[in-house]
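Heads up, the thing below is written out as structure tokens.
The values are calculated or read from the model by the stated rules, or taken from the named source; none is laboratory data. Please read these numbers as outputs of a predicted model, since none were measured by experiment. Cβ placement follows ideal geometry from the backbone for every residue including glycine, while neighbour counts extend to all protein chains displayed.
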Amino acid sequence: MNNNDEPVTNGDPLLEYLKSRGVNISEPAKIDFCIYGPDQNSIQKLAEKLTGLGYEIDESESDLEEDLEEEDYMLTCSKLCAPDKADEIGLELTEIASEFNCEYDGWGTLS
């Protein structure tokens, strides 16, 4: 927080956009995180680990699947957290994903 008790965006374009739309980026919201993996087995094992850590796994098909290379698989998971903390969670997901030979891609929200 800065002296005005407003969350600091550190120039993050997504956080700046959310703030410009009136979103309080320090209030919890459903944040979606996207991870890519080399095969179905890796994604399934990662999903099991993330479920155990409190993430909700989106089992529905994604529109992005049409744009994926044949060798890519995608996992979308979500968690209730403040948008200004999403990058910290992204760092955690980067480490976890790498354990399964997967790659964290980023986050978004409909807030």
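Assess whether Asn41 counts as being in a loop (DSSP other than H, G, I, E, B), loosely packed, with under 13 Cβ neighbours inside 10 Å and at pLDDT below 95. Taking the combined requirement at face value, the residue does not satisfy it.
Within region 50-60, the set of residues being exposed (fewer than 14 other Cβ atoms within 10 Å of the Cβ) and at pLDDT 95 or above comprises Thr51, Gly52, Leu53, Gly54. Selection within region 61-106: residues that are hydrophobic (A, V, I, L, M, F, W, C) and assigned to a loop (DSSP other than H, G, I, E, B). The member of this set that is modelled with the lowest pLDDT is Leu68. Out of all the residues in region 1-29, which are at pLDDT 90 or above, part of a loop (DSSP other than H, G, I, E, B) and not hydrophobic (A, V, I, L, M, F, W, C)? Hits for region 1-29 are Arg21, Gly22, Asn24, Ser26, Glu27, Pro28.
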